[in-house]
1. Note down all Cβ pairs under 6 Å where the first residue falls in region 96-125 and is in contact (Cβ under 8 Å) with a residue 60 or more places away in the chain, the second is β-branched (Val, Ile, Thr) and not in a helix (DSSP H, G or I), and they're at least six residues apart or on different chains.
2. If we scan region 52-71, do we find a residue that is touching a residue at least 12 places away in the same chain (Cβ under 8 Å) and within 22 Å of Ser212 (Cβ to Cβ)?
3. Scan region 206-224 residue by residue and report those that are farther than 25 Å from Phe27 by Cα, not in a helix (DSSP H, G or I) and not hydroxyl-bearing (Ser, Thr, Tyr).
4. Would you check if there is a residue in region 140-150 being within 20 Å of Thr7 (Cβ to Cβ), aliphatic (A, V, I, L, M) and surrounded by fewer than 24 Cβ atoms within 10 Å (Cβ to Cβ)?
5. Would you be able to tell me the number of residues in region 203-214 that are exposed (fewer than 15 other Cβ atoms within 10 Å of the Cβ) and either without any contact (Cβ under 8 Å) to a residue 24 or more places away in the chain or not assigned by TED's automatic domain parsing to the domain that holds Ser175 (or both)?
6. For a quick check of your reading of the model, give me the residue pairs whose first member lies in region 74-87 and is at negative phi and touching a residue at least 12 places away in the same chain (Cβ under 8 Å), whose second is of a type in the set (Val, Ile, Thr) and buried (at least 19 other Cβ atoms within 10 Å of the Cβ), with beta-carbon atoms closer than 6 Å and at least 6 apart or on different chains.
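The values are calculated or read from the model by the stated rules, or taken from the named source; none is laboratory data. The structure presented is a predicted model; accordingly, all values stated were derived computationally and were not measured. Cβ atoms come from the backbone with ideal geometry, glycine included; neighbour counts cover every protein chain shown.
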Amino acid sequence: MKFQQHTIQAAIFDMDGTMLDTERLRFDVLKQASLEVIGVEFGLDYLMQCLGLNALNSEHLAQKFYGQDIPYQQIRQRAEQIELERILSQGVPLKAGILEILAYLQSQNILLAVATSSTRKIAEKYLKLAKIDHYFTLLVCGDEVIQGKPHPEIFNKACTLLNLNPQHSLMIEDSENGITSADLAGGVTILIEDIKVPNQTMLARTDYYFESMLDFYQAIIKSD
């Protein structure tokens, strides 16, 4: 498939904030869990810097903000419990346009993969609940790499397992940590705006920027 001047063989999607509209939910449950456990809500500055990070890197960041003794694992477990309860009762919120773009890319015989900072347990559950798990031939998760985003390992691993050159892979992200990871991996980087308005650092690492997944879908159709 052609996208702009690129020959594309695979599309590797981030999950939270890119395909699933879950980042705002995650902010809410982390605030609630931290208030329950330590009596203080996680601040917006900390939460924004967590976007795209795996659990280990989020814990290291929490220690910088709130001290080495913060019971992060307890907060994280409680947050995941609250989040799952809400997901099970309200469903997984999908980004507008994601169903259309997954179906279209599949129809073009593009290999589809997920590179998410979430754990495999959470990723598999959410993708199944969202009823999009069947689109993907590969899932690489935050608990399966040594170095999480913004390090490129997760995208490098996905390309290796797909046996593809990163230059022939669309890498779709929404966060600064994610787009940095994709750029360092050498992919064709696609930034979809979510909770954080892109700054110049993010845009410098982005090949193509779209305000929504629907805009990206329209560009894919027109370009092919």
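1. Leu111/Thr137; Ala113/Ile12; Ala115/Ile12; Ala115/Val140; Ala123/Thr116
2. Looking for residues that are touching a residue at least 12 places away in the same chain (Cβ under 8 Å) and within 22 Å of Ser212 (Cβ to Cβ), one finds at least one in region 52-71, hence yes.
3. Those that are farther than 25 Å from Phe27 by Cα, not in a helix (DSSP H, G or I) and not hydroxyl-bearing (Ser, Thr, Tyr): Asp207, Asp224.
4. Step one: list which residues in region 140-150 are within 20 Å of Thr7 (Cβ to Cβ), which gives none.
The answer is no, given that none of the residues of region 140-150 is within 20 Å of Thr7 (Cβ to Cβ), aliphatic (A, V, I, L, M) and surrounded by fewer than 24 Cβ atoms within 10 Å (Cβ to Cβ).
5. Of the residues in that region, 3 qualify.
6. Note: pairs meeting the criteria are Ala79/Val29; Ile82/Val29; Glu83/Val29.
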